[in-house]
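Colleague: Before anything else, here's the structure in question.
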Amino acid sequence: MEQLSLALTVNGEAYQVTTRPYATLLDVLHDQLGLTGTHEGCRMGECGSCSVLLDGHAVNACLVLAPDVEGRAVTTVEGLAENGSLSALQAAFVQCGALQCGYCTSGMLISAAAFLKRVQETPTAAEVRRALVGNLCRCTGYAKIIDAILAVATKSPNEMNVASEFAARGHD
Amino acid sequence: MLAPFAYFAPSSLAEASALLLANGPRARVLAGGTSLLVALERSQASADAVINLKRIPSLRDITYDSHAGLQIGALATLSELLRSAPIQKHYPVLIETMGFMATPQVQNLATIGGNLCQAAPAADLIVTLLALDATVRLYSSNGERSLSLDSFLPTWGGTILQPGEILTRIDIPLPRGKAHYDRFMIRSAADVPLANLAGVLEIENDLITHTRLVVGANGARPTRMLRAERALIGQRGDAACIEHAAELVVPDVYPPDDWRASREYRRALIATLTRRMLTRLVP
């Protein structure tokens, strides 16, 4: 079987992994690097639970062939936390109750993070919904997820720091 | 993991074309991968070799010239096209069309060339590109050729790509007059349309001088509504004229009859979309 040596950056750290050319980015992250926050759902690019940032853009990790990420930068849900505490977005998910079973959460967070980085003005609920069309949730009914993203988008950074500390304590 | 295949990432078109020929019909081209990986994952397709085109320089360039129009490298992603300033300014109909397509995650991967080579019967972008009289540029070891997108897509479906031939570029002249895209579906997100339609219409001295009406989700490939187009030329585009064009479209379409919707329902939808489209295009 053909082996492939792959150099990539994940969450700011350089990795060199040996894999197969027919592995997907999802296989590499989940099975080889042990980053199990990236969830496998449909493996057809429809559910969004394996969403990661590839060079800053959200993609379905199940639709990316491993050799195609040579030399590129990947951010998974594990890379969203800042200095060991939840990001403002993650904290807002906790505060708003934007997760139930949690399976879709990592993908939701990645899509939301990509969206918040992209938007220039305060987004509307319709824009947030549009940004999440590639992420399916079967528990929450989406309302609280949209609330959480709007909360981050409209709150000042100062307020969100408080929220982040609150959430970090809640997890201890 | 997927079923094993050999993987190649050539750095030139010549090398890619040679690899395609050497590996036979079970060699697959990788562009965005959003269709290929799903097909391999579900075992709807198998591959002995996957040839990744993304390491070939300049295949994703987007250039605009006020005379030549737009030239899009086959590997430009939908996101790159959506972000392109010349497309936003001079080809808003492309932005309108791509706004309906796929999820943000897929838009970041899927390429325009992959979309055209996939040639899905209900595809969005092909409908609009046909209405804009786009041409495609193909590379092979025998040289390059340009042909209209219309002749790239045979009536029986698929494409006319020959073994070892690679789609490299899509050229789109400046739209004549106004252009719009419309579609109808039951769900709002990430589904294929039940009916879709692109229209182009130019008016000079109150009379219609140029028009294109292209209906998708209609048999093996999107189709120009030639009888309706002819009936519109030289007219003012009043309500009676629009109604007449919509009536001419109905017998000229043969949409699928399946679990999504019946043929008669789709025919009625196409007539409605035609009426709406012409009403938007006529000032």
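The values are calculated or read from the model by the stated rules, or taken from the named source; none is laboratory data. Small disclaimer: the values here were computed from a predicted structure and weren't measured. Using ideal geometry, Cβ is built from the backbone for each residue, glycine included, and neighbour counts are taken over all protein chains shown.
Colleague: Among the residues of segment B:215-249 satisfying the criterion of being part of a loop (DSSP other than H, G, I, E, B) and among the polar types (S, T, N, Q), which is nearest to residue B:124 (Cα to Cα)?
Modeller: Residues of segment B:215-249 part of a loop (DSSP other than H, G, I, E, B): B:217-222, B:225, B:233-238.
Checking the rest, the ones that are also among the polar types (S, T, N, Q) come to B:218, B:235.
Numbers: B:218: 12, B:235: 28 Å.
The qualifying residue nearest to residue B:124 (Cα to Cα) is B:218.
Colleague: How many residues are within 12 Å of chain A (Cβ to nearest Cβ) and either aromatic (Phe, Trp, Tyr) or touching a residue at least 40 places away in the same chain (Cβ under 8 Å) (or both) when one looks only at segment B:26-35?
Modeller: Selection size over segment B:26-35: 5.
Colleague: Only one of (1) part of a loop (DSSP other than H, G, I, E, B); (2) farther than 17 Å from residue A:68 by Cβ; (3) of a type in the set (Ser, Thr, Tyr); (4) modelled with pLDDT of 95 or more is not met by residue B:11, so which one is it?
Modeller: Every listed condition holds for residue B:11 apart from (2).
Colleague: Quick check on segment B:45-57. Is at least one of its residues farther than 19 Å from residue B:117 by Cα and either among the hydrophobic types (A, V, I, L, M, F, W, C) or away from chain A (no Cβ under 13 Å) (or both)?
Modeller: Within segment B:45-57 (the criterion being farther than 19 Å from residue B:117 by Cα and either among the hydrophobic types (A, V, I, L, M, F, W, C) or away from chain A (no Cβ under 13 Å) (or both)), the answer is yes, since at least one residue qualifies.
Colleague: Which of the residues spanning segment B:189-198 are small (Gly, Ala, Ser) and outside any strand (DSSP E or B)? Steps first, please.
Modeller: At the first step, the residues of segment B:189-198 found to be small (Gly, Ala, Ser) are B:189-190, B:195, B:198.
Once the filter is applied, which keeps residues that are small (Gly, Ala, Ser) and outside any strand (DSSP E or B), segment B:189-198 yields B:189, B:190.
Colleague: Moving to a separate point now. Out of the residues in segment A:43-55 that are assigned to a loop (DSSP other than H, G, I, E, B) and under 11 Å from the mean Cα position of the chain (by Cα), state the one that is farthest from the other protein chains (Cβ to nearest Cβ).
Modeller: Initially, segment A:43-55 is screened for residues assigned to a loop (DSSP other than H, G, I, E, B), giving A:43-50, A:55.
Retained after the next criterion (residues that are under 11 Å from the mean Cα position of the chain (by Cα)): A:48-50.
Details: A:48: 6, A:49: 11, A:50: 9 Å.
My answer is A:49.
Colleague: Now for a separate question. Residue by residue through segment A:82-135, note down the ones that are closer than 11 Å to residue A:148 by Cα, assigned to a helix (DSSP H, G or I) and of a type in the set (Gly, Ala, Ser).
Modeller: Within segment A:82-135, A:88, A:91, A:92, A:112, A:125 qualify.
Colleague: Same structure, new question: Against the condition surrounded by 13 or more Cβ atoms within 10 Å (Cβ to Cβ) and closer than 30 Å to residue B:90 by Cβ, how does residue B:48 come out, does it pass?
Modeller: Values: surrounded by 13 or more Cβ atoms within 10 Å (Cβ to Cβ): yes; closer than 30 Å to residue B:90 by Cβ: no.
So residue B:48 does not fit the description; no.
Colleague: Pick out, from segment B:123-188, the strands (runs of 3 or more DSSP E) lying fully within it that include 2 or more residues that are among the polar types (S, T, N, Q) and in contact with an Asp or Glu (Cβ under 8 Å, 6 or more places away or on another chain). Let's see the steps before the verdict.
Modeller: On the way: elements: B:135-140, B:143-148, B:166-172, B:178-184.
Result: B:135-140, B:143-148.
Colleague: Checking the conditions here, which among B:198, B:220 is among the small types (Gly, Ala, Ser), away from chain A (no Cβ under 14 Å) and closer than 14 Å to residue B:98 by Cα? Can you show your working first?
Modeller: Values: B:220 fails: closer than 14 Å to residue B:98 by Cα.
B:198 is the lone residue from the list that is among the small types (Gly, Ala, Ser), away from chain A (no Cβ under 14 Å) and closer than 14 Å to residue B:98 by Cα.
Colleague: Now for a different question. Suppose we filter segment B:237-261 for residues that are at pLDDT 95 or above and out of contact with any helix residue (DSSP H, G or I) (no Cβ under 9 Å at 6 or more places or on another chain); how many remain?
Modeller: Result for segment B:237-261: 2.
Colleague: Go over the candidates B:232, B:213 one by one and state the one that is within 18 Å of the chain's Cα centre (by Cα) and surrounded by 22 or more Cβ atoms within 10 Å (Cβ to Cβ). Let's see the steps before the verdict.
Modeller: Values: B:232 fails: within 18 Å of the chain's Cα centre (by Cα).
Just a single option satisfies the conditions, and that option is B:213.
Colleague: Name the pairs: first residue in segment B:1-14 and within 15 Å of residue B:166 (Cα to Cα) and more than 7 Å from chain A (Cβ to nearest Cβ), second residue hydrophobic (A, V, I, L, M, F, W, C) and assigned to a loop (DSSP other than H, G, I, E, B), Cβ to Cβ under 9 Å, at least 6 apart or on different chains?
Modeller: Listed pairs, sorted by first residue: B:10/B:53; B:10/B:56; B:11/B:56; B:12/B:56; B:13/B:53; B:13/B:56; B:13/B:59.
Colleague: Identify the residue in segment B:154-175 that is surrounded by 16 or more Cβ atoms within 10 Å (Cβ to Cβ) and over 15 Å from the mean Cα position of the chain (by Cα) and, among all such residues, is farthest from residue B:222 (Cα to Cα).
Modeller: As a first pass, look at segment B:154-175 and keep what is surrounded by 16 or more Cβ atoms within 10 Å (Cβ to Cβ): B:159, B:161, B:164-172, B:175.
When the remaining residues are screened for being over 15 Å from the mean Cα position of the chain (by Cα), the result is B:161, B:164-166, B:175.
Working: B:161: 18, B:164: 26, B:165: 23, B:166: 22, B:175: 19 Å.
Per the criteria, the residue is B:164.
Colleague: Kindly check whether there is at least one residue in segment A:16-32 that is more than 14 Å from chain B (Cβ to nearest Cβ), part of a strand (DSSP E or B) and either touching a residue at least 24 places away in the same chain (Cβ under 8 Å) or not basic (Lys, Arg) (or both).
Modeller: The answer is yes, given that some residue of segment A:16-32 is more than 14 Å from chain B (Cβ to nearest Cβ), part of a strand (DSSP E or B) and either touching a residue at least 24 places away in the same chain (Cβ under 8 Å) or not basic (Lys, Arg) (or both).
Colleague: Step by step: first the residues of segment A:67-77, then only those that are facing chain B (nearest Cβ under 9 Å) and in a helix (DSSP H, G or I), then the one that is farthest from residue A:21 (Cα to Cα). Which residue is that?
Modeller: The initial filter retains those residues of segment A:67-77 that are facing chain B (nearest Cβ under 9 Å), namely A:67-68, A:70.
Still in the list and also in a helix (DSSP H, G or I): A:67-68.
Numbers: A:67: 6, A:68: 9 Å.
Per the stated criteria, the residue is A:68.
Colleague: Another question, then. Can we say residue A:38 is outside any helix (DSSP H, G or I), touching a residue at least 60 places away in the same chain (Cβ under 8 Å), on the phi < 0 side of the Ramachandran plot and surrounded by fewer than 21 Cβ atoms within 10 Å (Cβ to Cβ)?
Modeller: Numbers: outside any helix (DSSP H, G or I): yes; touching a residue at least 60 places away in the same chain (Cβ under 8 Å): yes; on the phi < 0 side of the Ramachandran plot: yes; surrounded by fewer than 21 Cβ atoms within 10 Å (Cβ to Cβ): no.
Answer is no for this residue.
Colleague: Residues of segment B:93-113 being out of contact with any helix residue (DSSP H, G or I) (no Cβ under 8 Å at 6 or more places or on another chain) and either farther than 27 Å from residue A:56 by Cβ or within 14 Å of chain A (Cβ to nearest Cβ) (or both), which ones?
Modeller: Result: B:100, B:103.
Colleague: Something else: Sort through A:86, A:80 and tell me the only one that's in contact with a His (Cβ under 9 Å, 6 or more places away or on another chain), surrounded by fewer than 24 Cβ atoms within 10 Å (Cβ to Cβ), away from chain B (no Cβ under 13 Å) and of a type outside the set (Lys, Arg).
Modeller: Details: A:80 fails: in contact with a His (Cβ under 9 Å, 6 or more places away or on another chain).
Just one listed residue meets the conditions, A:86.
Colleague: Separate question: Pick from segment B:237-283 the residues that are in contact with a Leu (Cβ under 8 Å, 6 or more places away or on another chain) and among the β-branched types (Val, Ile, Thr): which of them is surrounded by the fewest Cβ atoms within 10 Å (Cβ to Cβ)?
Modeller: Taking the candidates together, the pick is B:282.
Colleague: I've got another one for you. With the structure loaded, tell me whether residue A:104 is more than 9 Å from chain B (Cβ to nearest Cβ), out of contact with any Pro (no Cβ under 7 Å at 6 or more places or on another chain) and either under 23 Å from residue B:98 (Cβ atoms) or surrounded by 24 or more Cβ atoms within 10 Å (Cβ to Cβ) (or both) or whether it fails that test. It would help to see each step written out before you state the result.
Modeller: Working: more than 9 Å from chain B (Cβ to nearest Cβ): yes; out of contact with any Pro (no Cβ under 7 Å at 6 or more places or on another chain): yes; either under 23 Å from residue B:98 (Cβ atoms) or surrounded by 24 or more Cβ atoms within 10 Å (Cβ to Cβ) (or both): yes.
Yes; evaluated as a whole, the condition is true for this residue.
Colleague: Further question on the same structure: Does residue B:114 satisfy the condition of being surrounded by fewer than 17 Cβ atoms within 10 Å (Cβ to Cβ) and under 24 Å from residue B:84 (Cα atoms)?
Modeller: On the way: surrounded by fewer than 17 Cβ atoms within 10 Å (Cβ to Cβ): no; under 24 Å from residue B:84 (Cα atoms): yes.
When the stated conditions are applied, residue B:114 does not pass them.
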